[in-house]
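The structure under discussion appears below in the form of structure tokens.
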Amino acid sequence: MKKLFLCAIVAGMLFTACNQTGQNASAAVADNGNTSATNAPVMKFEKETHDFGKIAEGAKVTYEFKFTNTGKSPLIIKDAVATCGCTKPEWPVTPIQPGADGAITVTFNSAHKMGLQDKQITITSNTNPAQSMVHLIGEVTTPTTTK
């Protein structure tokens, strides 16, 4: 009987300790969200979509998605990921100050691709919301051969 009583007390203490930690963490996240929303950097793109038109299979196209930090604090890009390995984004590693411009350079390799293409690039940064998306679209055609 003593073991059962002791187990109940220990379980109650663990439940109480875990519950208090969860409440404090939730309050901290809510407070942090309000603070960063007012002073957060804002990534404003000139164009969110670029159409490279028709290109022959095997060609590479490159485009710079230019943006301005219209927020109140430095913009830090943490990552940029494309929907497939044929598209490679490159981004600035230094913080973009408020009012300053930057660019994300995207290169699409059309080798072994055919038809309409829509490559989405997801950019993760310290903005609110944390992710932005740009698109590189176009059509890959069969190269013409002469006999």
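The values are calculated or read from the model by the stated rules, or taken from the named source; none is laboratory data. Keep in mind the model is a prediction, meaning the values are calculated, not measured. Ideal geometry is used to build each Cβ from the backbone, glycine not excepted, and the neighbour counts take in all protein chains shown. Ligands, DNA and RNA are stripped out before the accessible areas are found, and what is left, the full protein with its side chains, is counted by its heavy atoms. Shrake-Rupley method; radii C 1.70, N 1.55, O 1.52, S 1.80 Å.
So that you can scan it fast, the table gives a plain yes or no per residue for (1) modelled with pLDDT of 95 or more; (2) part of a loop (DSSP other than H, G, I, E, B); (3) open to solvent by 80 Å² or more (accessible area, probe 1.4 Å); (4) not hydroxyl-bearing (Ser, Thr, Tyr):
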{"site": "LEU4", "(1), (2), (3), (4)": "no, no, yes, yes"}
{"site": "CYS7", "(1), (2), (3), (4)": "no, no, yes, yes"}
{"site": "GLN20", "(1), (2), (3), (4)": "no, no, yes, yes"}
{"site": "GLN23", "(1), (2), (3), (4)": "no, no, yes, yes"}
{"site": "LYS47", "(1), (2), (3), (4)": "yes, yes, yes, yes"}
{"site": "VAL81", "(1), (2), (3), (4)": "yes, no, no, yes"}
{"site": "CYS84", "(1), (2), (3), (4)": "no, yes, no, yes"}
{"site": "LYS88", "(1), (2), (3), (4)": "yes, no, yes, yes"}
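Taking the criterion of being within 22 Å of ASN39 (Cβ to Cβ) and of a type in the set (Asp, Glu), the only residue of the range 89-147 that qualifies is ASP101. Among the residues of the range 44-97, those identified as more than 21 Å from GLN117 (Cβ to Cβ) and either in contact with a Leu (Cβ under 6 Å, 6 or more places away or on another chain) or basic (Lys, Arg) (or both) are LYS44, LYS66, ASN69, LYS72, LYS78, ILE96.
The residues on offer are VAL140, VAL106, and the sole one that is buried (at least 19 other Cβ atoms within 10 Å of the Cβ), of a type outside the set (Phe, Trp, Tyr) and over 18 Å from the mean Cα position of the chain (by Cα) is VAL140. At pLDDT 60 or above and either loosely packed, with under 10 Cβ neighbours inside 10 Å or on the phi > 0 side of the Ramachandran plot (or both) - does that describe any residue in the range 56-67? Yes: the range 56-67 contains one or more residues that are at pLDDT 60 or above and either loosely packed, with under 10 Cβ neighbours inside 10 Å or on the phi > 0 side of the Ramachandran plot (or both). So how many residues does the range 109-132 have that are more than 14 Å from VAL81 (Cβ to Cβ) and under 14 Å from the mean Cα position of the chain (by Cα)? Total meeting the criteria: 4.
Please go through the range 68-77 and pick out each residue that is open to solvent by 10 Å² or more (accessible area, probe 1.4 Å), of a type outside the set (S, T, N, Q) and not in a loop (DSSP other than H, G, I, E, B). Across the range 68-77, the qualifying residue is only ILE77.
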